[in-house]
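Participant: The structure that follows is given in the form of structure tokens.
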Amino acid sequence: QVQLVESGGGLVQAGGSLRLSCVASGRIFSSYAMHWFRQAPGKEREFVAAISWRGISTYYADSVRGRFTISRDNAKSTVYLQMNSLKPEDTAVYYCAARSGSVRIERDGMDYWGKGTLVTVSS
């Protein structure tokens, strides 16, 4: 079992930055590919970014590439999402997800989910 707890969300003006964190407890964090998804009101949950279990490979949705950076610290069992140049359309609940083995950009197939942290970007 893996428990995931997100933090770092909040209210920020357009153009600002936030850093989300997701701390994992339970099974060996380093064996899981880690992902960030988001869900805006009235919309489906969508892929944002992912990082391989060793942190060598990263993947991004087109909508955030160049603005967001995913990273991980296996010693701290933590994955981060640095979000820069935020836009109002980035407003959503951001979820951390873990998948044993390789990265997957579809939300189906995640082994564990956090409860999410709300990011609100004002114009």
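Participant: Among all the lysines, which ones have a C-alpha under 27 Å from LYS87's C-alpha, if same-chain residues fewer than 8 places away are not counted?
Facilitator: LYS43, LYS115
Participant: Could you check how much of the accessible area of the stretch 66-112 is carbon and sulfur, as a whole percent, using a 1.4 Å probe?
Facilitator: The computed percentage sits at 42.
Participant: Could you list which residues have their amide H under 5 Å from that of PHE68, counting only those 5 or more apart in sequence or on another chain, with H placed in the peptide plane?
Facilitator: It is ASN84, by chain and number.
Participant: If you roll a 1.4 Å probe over the heavy atoms of the protein chains, what accessible area per residue do you get for the stretch 1-74, in Å²?
Facilitator: On the way: 3920 Å² over 74 residues.
Per residue, the stretch 1-74 has an accessible area of 53 Å².
Participant: Then there's this: For a quick check, take a GNM of the chain with Cα springs below 10 Å and name the residue from GLY42, GLY26, GLY15 with the largest mean-square fluctuation.
Facilitator: Among GLY42, GLY26, GLY15, the largest mean-square fluctuation in the Gaussian network model of the chain belongs to GLY42.
Participant: To continue, here is another question. In percent, what relative contact order does the chain have, based on Cα pairs under 8 Å that are 6 or more apart in sequence?
Facilitator: The normalised contact order for the chain reaches 36 percent.
Participant: Could you please put LEU118, LEU11, LEU81 in sequence from largest to smallest accessible area, using a 1.4 Å probe?
Facilitator: LEU11, LEU118, LEU81
Participant: Convert each backbone phi in the stretch 3-17 into a coupling constant with the Karplus relation 6.51 cos²θ - 1.76 cosθ + 1.60 (shift: θ = phi - 60°), then list the ³J(HN,Hα) values in order as whole Hz, x for Gly and Pro.
Facilitator: Calculated HN-Hα couplings, in order: 9, 10, 10, 8, 7, x, x, x, 9, 9, 7, 4, x, x, 10 Hz.
Participant: Next question, about the same structure. Taking amide hydrogens as modeled 1.01 Å from N in the peptide plane, which residues meet the under 5 Å criterion relative to ARG45, leaving out close sequence neighbours?
Facilitator: Long-range HN contacts for ARG45: none found.
Participant: Related question: Residue by residue through the stretch 41-48, what is 3J(HN,Hα) from phi via Karplus (6.51 cos²θ - 1.76 cosθ + 1.60, θ = phi - 60°)? Round to whole Hz and write x for glycine and proline.
Facilitator: In residue order, the calculated couplings are x, x, 10, 6, 5, 10, 5, 10 Hz.
The values are calculated or read from the model by the stated rules, or taken from the named source; none is laboratory data. The model shown is predicted, which means the values in this text are computed figures rather than measured ones. For accessibility, only protein heavy atoms count, side chains too; no ligands or nucleic acids. Shrake-Rupley method; radii C 1.70, N 1.55, O 1.52, S 1.80 Å.
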